[in-house]
Structures are given as C-alpha cells and as structure tokens.
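Report on the structure given below.
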Amino acid sequence: MSPHSSSSLNSRSLKTRFALRFLRALKKINNRRPTSSSSSREISRRVQRVKLAADASMASAVGPRKAWSRAILLKHRSRSHARVHGLTGHRRETDHGHAITIRKRVMKKRKVHKLDPAFRTNELRRLVPGGEAMDLYNLLDETAHYIKCLTTQVEVMTSIANYCAT
C-alpha cells in the first residue's frame, strides 16, 4: 500500500488537520526569516513563533467546539490584531529581585497546599486554556481533550523533526 493512500492519510483526522495547518504556519515563519538569523534574540523570537503556531494550529484543527481551543484562538487573534495595529508593548519586571522574592513566596505556598483538592483544581484551571471559567465537570472533560490534543501535537512535531533530520 502506498504511503499516500486514503486509508493511511485520513484527511478528517485531528492529526492530519493539525499537521497541515502547522506545516503551513512553519512555511510562513520560514518565509519571514531575516538574513541574519543567528542572534540569540532572533532565535528566541522564532522559537516563540513556532510555539504560537503549534498552539494556534491545534486549536484551529479542533475548531470552536471546545472551550480551550476557543480560548487559544481568541488569544492568538488578539495578538495578531495588536501586532497589526502596533499595540505590542512588552511589559517586563524591572526589579528582578522583587520578582524572585514573589516567586519564592508563591512556591512556598504551593508546597503547603499540594494535597488540597481545591488547590489542585485551581492549578488545573490555570493550566488549561479557558479553564478559569469552568465548573469541575467541564474542566475535567476539557482537560482530557486538551491532553489528547497535546499528545497528538507532540507526535506530529516529532515526526516532522525526524523527517527533517534524515
């Protein structure tokens, strides 16, 4: 059987929809590459673009039927809108010592409450896009679907990396 037969390339599968969207996004990123792409700042920007492309491609492949995909698509569209209209202002913490102190305090609190179910639920809400506004049942349902999609994303990206490495 050929690798391009209809049974091996199901155009309706999540994996295929994601792969096609992601490859299109990677092509756009590659076409925007400046002539001197070796600076660490430019590499960091490209890494961020690839991450955003992966998230947006997966959310687009899933469509609006899941809250997490709607949240990612809304975030992506908001960033695109801000970039087009010149509204991208990067906010950074100027007092690095202060930011580290706050992080240590937060981590200390997390260690104390790790076993608390309410703490775990809030952590899950923080990790799943759009999870802040969900009840527990929907949060668990969305989490299961989000994990499935992240697994698919990793499989496709690994396949692309392996193909490019050969």
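The values are calculated or read from the model by the stated rules, or taken from the named source; none is laboratory data. Not measured: the values here are computed from a predicted model. All accessible areas refer to the heavy atoms of the entire protein, side chains included, with ligands and DNA or RNA removed. Shrake-Rupley method; radii C 1.70, N 1.55, O 1.52, S 1.80 Å.
Here are a few things to note about the model shown:
- Helices (runs of 4 or more DSSP H) fully within region 1-110 that include at least 3 residues being polar (S, T, N, Q) and at pLDDT 90 or above: 40-62.
- Residue in region 119-132 that is open to solvent by 70 Å² or more (accessible area, probe 1.4 Å), of a type in the set (Val, Ile, Thr) and in a helix (DSSP H, G or I) present: no
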